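Only one structure is covered here, and it is reproduced in the block below.
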Amino acid sequence: MIASPEIIESVMNPIPVNEPLLDGNEKKYLNECIDTGWISSEGPFVKQFEQQLATRVERQYGIAVCNGSVALDTAVAALGLGQGDEVILPAFTIMSCAAAIVRAGAVPVVVDSDAYTWNMDVSQIEAKITPRTKAIMVVHIYGLPVDMEPVLALADKYGLQIIEDAAEMHGQTYKGRPCGSFGALSTFSFYPNKHITTGEGGMIVTDDEQLAERCQSLRNLCFQPQNRFVHEELGWNFRMSNLQAALGVAQLERLDEFVARKRRMGQLYTELLSDIPELQLPVPQTDYAANIYWVYGIVLKDEVPFDAKEAMRRLSQYKIGTRPFFYPMHEQPVLRNIGLFDGESCPVAERIARRGFYIPSGLALSDEQIEQVAQAVVEILK
Ligand SMILES: *Cc1c(COP(=O)(O)O)cnc(C)c1O
């Protein structure tokens, strides 16, 4: 058993919440960039990474951008969503999702989470559809996909577009079909805590040639092919560099291995923590997918006399890195201050935001470290 935090402090090395694995061909490909002088977005790794990731998720086109948040901005803009359009999204997600919708001038409409999977409760979507609804932004949360079939059926019935935020879903499938292959456009992030990383980076994937061209133009300032510096539209510089893409190509080579390792890590945590009745652990699998544990989340049940903040504070005494769960979109001051979400309530999202946090989940974590973290979790609940 673990001793008091004071004693632990002197013997235990810190365990960071995330540390990526970069011990494949990353250095080799980065050196190629430097040796050849190709460091900008014009370099060959960018196209290679786009093609390889698109192929991996059974899409025709990949458009690499500089992070997963702007991938969402690009997707929203490419679909022409704007003033007066409503976009349905989960309350429980990262700010990037609502920010992309609001910046486009459209209106975010939130749906509460399923208490068991933490994903958007798809049975609540239809009640939120109005004549102004144009799209559903689906966000797969923490390693388990959203139940897509009912969402696809609703999109079909009401003529809605789907944007699929697959930032946390590299290598995951829904009923055997790759995440990132659903809807008009899907987006990925390659931040260092994702299953594959480029440091900073993102991608939009699609099967629609016109949407792909729109995304390519939007990420590149809407330069015109014939008349470069004459602009009909406003775009952004969201380009990914060859250096980032070099990392991406090296990481993608190991995706299957990484997914297998993450699954093993999740299973080990579950074995070590499942005897603690006060904890709700991630769902290992549903009838449509087995969890890939982007992060290993924990929700404190009501009988625990403190909240996630206190649990995280206690774990920090054991030098264990943690992060809180997402904070619901309808409770964000920046959105409420512009008049959104008055009177909105999403009880599940509100509860898990306050009682949920995640423990170290990075690919560089060893089994021994996982055991140390699990022991500390047991300790702090005593
Ligand atoms: C990480 C993440 C993003 C944002 O990606 P960045 O590359 O950090 O901008 C968007 N959506 C979800 C669901 C994410 O987990």
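The values are calculated or read from the model by the stated rules, or taken from the named source; none is laboratory data. If you're wondering where the values come from, they're calculated on a predicted model, not measured in any experiment. Every residue, glycine as well, gets a Cβ built from its backbone with ideal geometry; the counts of neighbours run over all protein chains shown. Accessible surface areas use protein heavy atoms only, side chains included; no ligands, DNA or RNA. Shrake-Rupley method; radii C 1.70, N 1.55, O 1.52, S 1.80 Å.
Quick check on residue 345: is it open to solvent by less than 60 Å² (accessible area, probe 1.4 Å), of a type in the set (Ser, Thr, Tyr) and modelled with pLDDT of 95 or more?
So residue 345 does not fit the description; no.
If I ask for residues that are among the hydroxyl-bearing types (Ser, Thr, Tyr), open to solvent by 20 Å² or more (accessible area, probe 1.4 Å) and more than 10 Å from the ligand (Cβ to nearest atom), which ones from region 61-109 would you list?
Selection gives 61 alone.
With the checklist (1) farther than 24 Å from residue 294 by Cα; (2) out of contact with any Phe, Trp or Tyr (no Cβ under 9 Å at 6 or more places or on another chain); (3) of a type outside the set (Ser, Thr, Tyr) in hand, flag the one item residue 319 doesn't pass.
It is condition (1) that residue 319 fails.
Could you tell me whether any residue of region 227-236 is at pLDDT 95 or above, under 30 Å from residue 302 (Cβ atoms) and in a loop (DSSP other than H, G, I, E, B)?
Within region 227-236, none of the residues are at pLDDT 95 or above, under 30 Å from residue 302 (Cβ atoms) and in a loop (DSSP other than H, G, I, E, B).
Which of the residues belonging to region 163-182 are within 16 Å of the ligand (Cβ to nearest atom) and of a type outside the set (A, V, I, L, M, F, W, C)?
Matches in region 163-182: 164, 165, 168, 170, 171, 172, 174, 180.
Please enumerate the residues belonging to region 57-107 that are under 23 Å from residue 142 (Cβ atoms) and of a type in the set (Phe, Trp, Tyr).
92
Check region 294-305 and report whether any residue there is in contact with a Ser or Thr (Cβ under 6 Å, 6 or more places away or on another chain) and either open to solvent by 70 Å² or more (accessible area, probe 1.4 Å) or among the small types (Gly, Ala, Ser) (or both).
Applying the first criterion (in contact with a Ser or Thr (Cβ under 6 Å, 6 or more places away or on another chain)) to region 294-305 yields 295-296.
Pick out the ones that are also either open to solvent by 70 Å² or more (accessible area, probe 1.4 Å) or among the small types (Gly, Ala, Ser) (or both) and you get none.
No: region 294-305 contains no residue that is in contact with a Ser or Thr (Cβ under 6 Å, 6 or more places away or on another chain) and either open to solvent by 70 Å² or more (accessible area, probe 1.4 Å) or among the small types (Gly, Ala, Ser) (or both).
Pairs under 7 Å by beta carbon, first residue in contact (Cβ under 8 Å) with a residue 24 or more places away in the chain and open to solvent by 10 Å² or more (accessible area, probe 1.4 Å) in region 165-188, partner away from the ligand (no atom under 11 Å from the Cβ) and hydroxyl-bearing (Ser, Thr, Tyr), six or more apart or different chains?
175/288; 184/206
Any residue in region 222-238 that is in contact with a Lys or Arg (Cβ under 7 Å, 6 or more places away or on another chain), open to solvent by 40 Å² or more (accessible area, probe 1.4 Å), in the same structural domain as residue 60 (by TED's automatic domain parsing) and in contact (Cβ under 8 Å) with a residue 60 or more places away in the chain?
yes
Determine whether region 113-134 contains at least one residue that is in a strand (DSSP E or B), touching a Leu at 6+ places or on another chain (Cβ under 7 Å) and of a type in the set (A, V, I, L, M, F, W, C). If you could, list the steps in order and put the result at the bottom.
Going through region 113-134, the residues in a strand (DSSP E or B) turn out to be 113, 120, 133-134.
This time we only want the ones that are touching a Leu at 6+ places or on another chain (Cβ under 7 Å), so: 133-134.
With the extra rule that they be of a type in the set (A, V, I, L, M, F, W, C), the set shrinks to none.
Checking region 113-134: not a single residue is in a strand (DSSP E or B), touching a Leu at 6+ places or on another chain (Cβ under 7 Å) and of a type in the set (A, V, I, L, M, F, W, C).
Just to be sure, is residue 113 within 16 Å of the ligand (Cβ to nearest atom), touching a residue at least 24 places away in the same chain (Cβ under 8 Å), among the hydroxyl-bearing types (Ser, Thr, Tyr) and more than 25 Å from residue 214 (Cα to Cα)?
Considered against the rule, which asks whether it is within 16 Å of the ligand (Cβ to nearest atom), touching a residue at least 24 places away in the same chain (Cβ under 8 Å), among the hydroxyl-bearing types (Ser, Thr, Tyr) and more than 25 Å from residue 214 (Cα to Cα), residue 113 comes out as yes.
Working only within region 352-372, note down all residues that are charged (D, E, K, R) and free of Cβ contacts under 8 Å to residues at least 12 places away in the same chain.
368
Before we move on, is residue 171 within 30 Å of residue 52 (Cβ to Cβ) and not assigned by TED's automatic domain parsing to the domain that holds residue 346?
Here the answer is yes, as residue 171 does meet what is asked.
Has region 138-153 got any residue that is more than 25 Å from residue 287 (Cβ to Cβ) and in a loop (DSSP other than H, G, I, E, B)?
No, the conditions are met nowhere in region 138-153.
Is it the case that residue 319 is open to solvent by 60 Å² or more (accessible area, probe 1.4 Å), within 22 Å of residue 141 (Cβ to Cβ) and assigned by TED's automatic domain parsing to the domain that holds residue 272?
The answer is no for residue 319.
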